[in-house]
Amino acid sequence: MAHYTKYKNFGCKCLITLASIAGLALNPASAAVTLVDQAKITDSGLHFDGKKLTYGTLGSADTGSKFDYFFGRNISAHGDAVKVYKHYVFMTWYRGGKDDRHVMLSRYNTQTGQVATIEFPHRHTGFRGDPNIGESHNTIGLAISPVNGTIHMVYDMHAYDNNNHGGKFKDDYFRYSYSVAGAAEVADSDFTLDQFVKDTSAVSQGPDDYKHLTMTGNLADKANFARLTYPKFFTTTDGTLLLYMRLGGNNNGGYVFNRYDAATQKWSKFTAFNVVSAKNHGNAYNWGLYGNMKYVNGKLRVAFQQRSSNNNDRYKYQNGVYYAYSDHPEGFGAWKNHRGEDMTWPLVNSDEIKVFEPGDYITGHQDANSVYIVGGFDWTVTAKGDIHIISQVRSTDRNRADYQNVKLHSYKPAGADDFIISTEFSGASEIYTAGDNVYIIGLNNGRPFVERAKGGTNDFVRIYEDTDGMQFDHGVLEVHDGKVYYYLMEKGTGTAMPLHLQIIDLDLASEANAPQVSFPSSYMTVEQGYEKLSLTVSATSPVEDRTIESVTLYINDELVRTDDSVPYLFGHGSKPHETGAMGWLDTHSPNPNPLPAGQHVFKAVAVDSEGDTSTATILLTVTSTAPEVSFPNTELTVDEGYEQLGFTISASSPVADRTIDSVTLYLNGELVRQDTSVPFNFGHKFKAHETGAMGWISCEQDPVPSPCHQPNLNPLTEGVHTFTAVAVDSEGEMSEATMTLTVKGPPKPPVVTWPNEVVTVYEGYEKLAITVQAESPVEGRTIESVTLYRNGELVRVDTRPIWNFGHSYAPYEFGAMGWLDRHEPNPNPLGAGEHTFTVVARDNEGLESSADMTLVVLELPAPTVNFVESDIELLTSYSELSVSAQVETASNDISVVSVILYINDELVREVFEAPFVWGGQGYESELLDLPAGTHEFKAVATDSNNKMSEATVVVDIALFGDLDQDGDVDRLDMRQFNAALRAGEITDLRYDFNNDGQLNMRDMNGMARLCSRARCSAQ
């Protein structure tokens, strides 16, 4: 990685580039992209190091040092957390560890290398107000006004209001802090909390409250600041600050934004980009946004993926890519789609700004919830107006046989009419812009990398990568004036981890020397089978004395030809086919591989005499000569048993003098009928059954009408069915169109589920809170109530989601003892055994369904006891022996009454408090004089519940002098002792019988005194 050294004593900062030494891989043409500065901001950025919780496991959050979390692990160096102002870099973070959680603001001076930090009184409140559960959505948004130098922060909120979550956030659901004018550039010694303005309103949280409930300064506006999440600030070209946030929930939410008036130092109320509860405004369904609003290239813009409230379509969560921009300098009106057409504002029907459908880029997958479009979405717009959007789509079920995962880069070069959708993209999570380039910047193996492409292209090249520097867990960045300000958390463990800033220079200045290359236009349209397409590429160098060495043409990234002489002409009379044309002279044979209908990217790469390169692109749309065919609707829904379904298929030729010969209809791949006359009508009264309908003209009439319809014996049943229409023109060319028909079965009751079907606890458990999931599979229906029964007896009827039982205001519902100081012990806790809990969900149509959960209450286990020592081996006449035991009880409320030691089932001594030691101080002799043999030591522990458990250890005592281990000391042992002395193999000084400090033959007499029989005879 590139290193730097600051010589503070001399007041200078020197950059030393050591790419080859540190393993930094740089593209030769972009070697000037460098790491120019880095600094540690703190050692104590808050991080969630525990386990991820669900609604069903909220009650199991760690109350010790581990910080469990609900959505994601990241809270520092996350969100809108880094901003550049003059020569300062401002960064927000929460301070770790788990018991700290203070809001922090740091300012790094790039000229002096100094970091100044302010601690705010507020601490991260945690998920729904629980300080034991981290909430990654509660980021700290940050802005600095370039007009008056004020600092603005919005933080620690997730759709809170005065009433939700038990009223925990009453008068504290929106948190806004701001400074006095000029605070952004005061001296380090003055960069303190005193620069910020206290809240002295009627809802102030106390004398040290720097959180304001509104940004307007008027509490009458407080409703405008409720239920908001994800703060993100922008600065317009004239220095005006804008803030956008999400209002509402995931599938029924909106984007809102407001502006800062630096003259009055007040913010406006929030204005909506789109309506919430779109069904109330005439839309077919409610929807939410997953994307972002940005101020880029001089305009406020929005791009997102939609999450609808329809849970029965083929999309598991999001679908679509949507984009809009405003011609108003601050976004207050004049909103348009990417074609420049006016849109409804606030937006009601998202289709007005739809760009394309990612779900169309995986084949099949028509079944409900089979398409997964989550993550990997971002967008940007270059200085010249190229729009770039990245996204991804995959199968929901990773185990299905036709699993697909497609990464998409959709881009619209400046001046083009349509987007180019490329699947030749490796994927990314964020995309950025600087100048006319787009960048993918992220971490690879925990180290930063940068990839660059010219705006309006898909030609990403890695231009910077740190290959052996410090490794980071995650980060967030801002690109400002051609530099990347990468705010990073170091990879580590625990709830307090270091935060760093790296500044990477993208070297945009050197790009001014690159060749200037262009096509005659950025977008062209031709008809399939076009005869001629000649393109002259303009290529010059802006640098005096440099020349253009060559121009190379690519079509869809396939090399066509390199031209090294002016004019750079492609598709001329000598090479008519190289641009995909058929040929136009009598001497031209027909092109065997003409460009087919569709979009094609022509790319010209110019190289100058110094080896610098530039790229230009043109999008060529080849329109098809095949028939144009379509159904009246691409999707249709009917109820099972539908009587009538007729439709007329539109079919025509875009080529003059061609006609449509036939339209053939297929249903689920099976031929229905071919129609050869206009109109191409199917399912009419003479063919009532061909579209799966029952028929609608009864034959049970007098007189019998003609035609009349007998009931269809093979109607379409519940499910998703595909109609395909194939049109053939007079030249034999064909096209097809499809329509998806969803046949709905009878109304379905609610779906209600427990997080776990079996839950196991121990007797005397203090807390058990469970959230039940209940929803209707029928769009538009709601759950009116969820009722809980315990062993068949009513517990409670809940009429408001979320469906949470056993919470702090109803602690005994699952038989728990209670866990808060205000909870009296449950007089009727559940005893050991199995208990059945049933929940019954009822929807607004009166349909019900139920689900059971088995609660297994186990008796508290006996204490756990273990000897510290493993099996012991000694010799007779040993001089000391002690053993000890460790005991743990099932809970902190249970104590150890005593531990008794037995040797060979004979009581030795009972010990009543730790440490549990025998043979120790004061009892040195109680384990001595055990005879030779194997002895079982047994420790029996008894707890305050009178439960007992035991542990054993074996003590082997061998006969001293019995070298051959046959159970006695005899002449055989004497001989072995003699031989061992001569060989120097005896080292145990207990065999120094004459106490002369040596082991030799003079110790033989002492050995003889150990003999088991007279004269050391052997048996």
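Please go through segment 452-472 and give me each residue that is buried (at least 18 other Cβ atoms within 10 Å of the Cβ) and either part of a loop (DSSP other than H, G, I, E, B) or not aliphatic (A, V, I, L, M) (or both), ordered by number. Break it down into steps so the answer makes sense when it comes.
Residues of segment 452-472 that are buried (at least 18 other Cβ atoms within 10 Å of the Cβ), as a first pass: 452-458, 460, 463-466, 469, 472.
Listed by number, the residues that qualify are 452, 454, 455, 456, 457, 458, 460, 464, 465, 466, 469, 472.
Can we say residue 809 is at pLDDT below 95, among the aromatic types (Phe, Trp, Tyr) and either surrounded by fewer than 18 Cβ atoms within 10 Å (Cβ to Cβ) or not assigned by TED's automatic domain parsing to the domain that holds residue 664 (or both)?
Considered against the rule, which asks whether it is at pLDDT below 95, among the aromatic types (Phe, Trp, Tyr) and either surrounded by fewer than 18 Cβ atoms within 10 Å (Cβ to Cβ) or not assigned by TED's automatic domain parsing to the domain that holds residue 664 (or both), residue 809 comes out as yes.
Determine whether segment 297-310 contains at least one residue that is part of a loop (DSSP other than H, G, I, E, B), under 21 Å from residue 139 (Cβ atoms) and not hydroxyl-bearing (Ser, Thr, Tyr). Spell out the reasoning first.
We begin by selecting, within segment 297-310, every residue part of a loop (DSSP other than H, G, I, E, B); these are 297-298, 309-310.
If we keep only those that are under 21 Å from residue 139 (Cβ atoms) as well, we get none.
Looking for residues that are part of a loop (DSSP other than H, G, I, E, B), under 21 Å from residue 139 (Cβ atoms) and not hydroxyl-bearing (Ser, Thr, Tyr), one finds none in segment 297-310, hence no.
Can you go through 767, 744, 748 and tell me which one is under 17 Å from residue 56 (Cβ atoms) and basic (Lys, Arg)? If you could, list the steps in order and put the result at the bottom.
On the way: 744 fails: under 17 Å from residue 56 (Cβ atoms); 748 fails: under 17 Å from residue 56 (Cβ atoms).
Unique residue meeting the criteria: 767.
If I ask for residues that are polar (S, T, N, Q) and farther than 30 Å from residue 678 by Cα, which ones from segment 590-643 would you list?
Residues of segment 590-643 that are polar (S, T, N, Q), as a first pass: 591, 593, 599, 609, 613-615, 617, 621, 623-625, 630, 633-634, 637.
Matches in segment 590-643: 591, 593, 599, 609, 613, 614, 615, 617, 621.
For segment 80-94, does any single residue satisfy the condition of being out of contact with any Phe, Trp or Tyr (no Cβ under 6 Å at 6 or more places or on another chain) and modelled with pLDDT under 95?
No: zero hits.
Can you say whether residue 626 is small (Gly, Ala, Ser), surrounded by 15 or more Cβ atoms within 10 Å (Cβ to Cβ), in contact with a Pro (Cβ under 9 Å, 6 or more places away or on another chain) and assigned to a strand (DSSP E or B), as far as the supplied structure shows?
no
So is residue 977 buried (at least 19 other Cβ atoms within 10 Å of the Cβ), in contact with a helix residue (DSSP H, G or I) (Cβ under 8 Å, 6 or more places away or on another chain), among the aromatic types (Phe, Trp, Tyr) and outside any strand (DSSP E or B) or not?
Details: buried (at least 19 other Cβ atoms within 10 Å of the Cβ): yes; in contact with a helix residue (DSSP H, G or I) (Cβ under 8 Å, 6 or more places away or on another chain): yes; among the aromatic types (Phe, Trp, Tyr): yes; outside any strand (DSSP E or B): yes.
The answer is yes for residue 977.
Which one of the conditions (1) of a type outside the set (Gly, Ala, Ser); (2) in contact with a helix residue (DSSP H, G or I) (Cβ under 6 Å, 6 or more places away or on another chain); (3) surrounded by fewer than 24 Cβ atoms within 10 Å (Cβ to Cβ) does residue 373 fail to meet, given that it meets all the rest?
Failed condition: (3).
Pick out the one residue from 441, 389, 421 that is modelled with pLDDT of 95 or more and over 30 Å from residue 37 (Cα atoms). Quick ask: steps written out before the conclusion?
On the way: 441 fails: over 30 Å from residue 37 (Cα atoms); 421 fails: modelled with pLDDT of 95 or more.
Every option except 389 fails the conditions.
Taking segment 150-180 as the region of interest, how many residues are part of a loop (DSSP other than H, G, I, E, B) and either of a type in the set (Lys, Arg) or crowded, with 19+ Cβ neighbours inside 10 Å (or both)?
Filtering segment 150-180 for residues part of a loop (DSSP other than H, G, I, E, B) gives 150, 156-164, 168-175, 180.
Those left that are additionally either of a type in the set (Lys, Arg) or crowded, with 19+ Cβ neighbours inside 10 Å (or both): 150, 156-160, 168-170, 172-175.
Counting residues in segment 150-180 that are part of a loop (DSSP other than H, G, I, E, B) and either of a type in the set (Lys, Arg) or crowded, with 19+ Cβ neighbours inside 10 Å (or both) gives 13.
Taking the residues in segment 473-495 that are aliphatic (A, V, I, L, M) and touching a Leu at 6+ places or on another chain (Cβ under 6 Å) as candidates, determine which candidate is surrounded by the fewest Cβ atoms within 10 Å (Cβ to Cβ).
Within segment 473-495, the first condition is being aliphatic (A, V, I, L, M), and the residues that meet it are 476-477, 479, 484, 488-489.
Now narrow it down to the ones that are touching a Leu at 6+ places or on another chain (Cβ under 6 Å): 484, 489.
Working: 484: 23, 489: 25.
In this case the residue turns out to be 484.
If you check residue 738 against the conditions, is it assigned to a strand (DSSP E or B) and farther than 30 Å from residue 861 by Cβ?
Working: assigned to a strand (DSSP E or B): yes; farther than 30 Å from residue 861 by Cβ: yes.
Here the answer is yes, as residue 738 does meet what is asked.
Select from segment 931-974 the residues that are under 20 Å from residue 902 (Cα atoms), surrounded by 13 or more Cβ atoms within 10 Å (Cβ to Cβ) and free of Cβ contacts under 8 Å to residues at least 40 places away in the same chain and list them in ascending order.
Scanning segment 931-974 gives 933, 935, 938.
Results for (1) in a loop (DSSP other than H, G, I, E, B); (2) touching an Asp or Glu at 6+ places or on another chain (Cβ under 6 Å); (3) touching a residue at least 12 places away in the same chain (Cβ under 8 Å), shown as yes or no for each residue.
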residue	(1), (2), (3)
812	yes, no, yes
819	yes, yes, yes
822	yes, no, no
839	no, no, yes
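Residues of segment 338-383 being among the polar types (S, T, N, Q), outside any strand (DSSP E or B) and in contact (Cβ under 8 Å) with a residue 60 or more places away in the chain, which ones? Steps first, please.
Step one: list which residues in segment 338-383 are among the polar types (S, T, N, Q), which gives 344, 349-350, 363, 366, 369-370, 380, 382.
From what's left, outside any strand (DSSP E or B): 344, 349-350, 363, 366, 369-370, 382.
If the condition is that a residue be among the polar types (S, T, N, Q), outside any strand (DSSP E or B) and in contact (Cβ under 8 Å) with a residue 60 or more places away in the chain, then 349, 350, 366, 382 are the ones that fit.
Would you confirm whether any residue within segment 546-560 is in contact (Cβ under 8 Å) with a residue 60 or more places away in the chain, assigned to a strand (DSSP E or B) and not β-branched (Val, Ile, Thr)? Write out each step before concluding.
Residues of segment 546-560 that are in contact (Cβ under 8 Å) with a residue 60 or more places away in the chain, as a first pass: 546-549, 557.
Next, only the ones that are assigned to a strand (DSSP E or B) stay: 548-549.
Imposing the further condition that a residue be not β-branched (Val, Ile, Thr) reduces the set to 549.
There is at least one residue in segment 546-560 that is in contact (Cβ under 8 Å) with a residue 60 or more places away in the chain, assigned to a strand (DSSP E or B) and not β-branched (Val, Ile, Thr).
Within segment 516-537, is there a residue that is assigned by TED's automatic domain parsing to the domain that holds residue 574, free of Cβ contacts under 8 Å to residues at least 60 places away in the same chain and either under 43 Å from the mean Cα position of the chain (by Cα) or not in a loop (DSSP other than H, G, I, E, B) (or both)?
For segment 516-537, residues assigned by TED's automatic domain parsing to the domain that holds residue 574, free of Cβ contacts under 8 Å to residues at least 60 places away in the same chain and either under 43 Å from the mean Cα position of the chain (by Cα) or not in a loop (DSSP other than H, G, I, E, B) (or both): present.
Residues of segment 569-603 being closer than 22 Å to residue 422 by Cβ, aliphatic (A, V, I, L, M) and at pLDDT 95 or above, which ones?
595
Condition first: touching a helix residue (DSSP H, G or I) at 6+ places or on another chain (Cβ under 9 Å) and either more than 23 Å from residue 388 (Cβ to Cβ) or surrounded by 22 or more Cβ atoms within 10 Å (Cβ to Cβ) (or both). Now tell me which residues in segment 324-337 satisfy that.
324, 335
The values are calculated or read from the model by the stated rules, or taken from the named source; none is laboratory data. Because the structure is a prediction, the values reported are computed rather than measured. Using ideal geometry, Cβ is built from the backbone for each residue, glycine included, and neighbour counts are taken over all protein chains shown.
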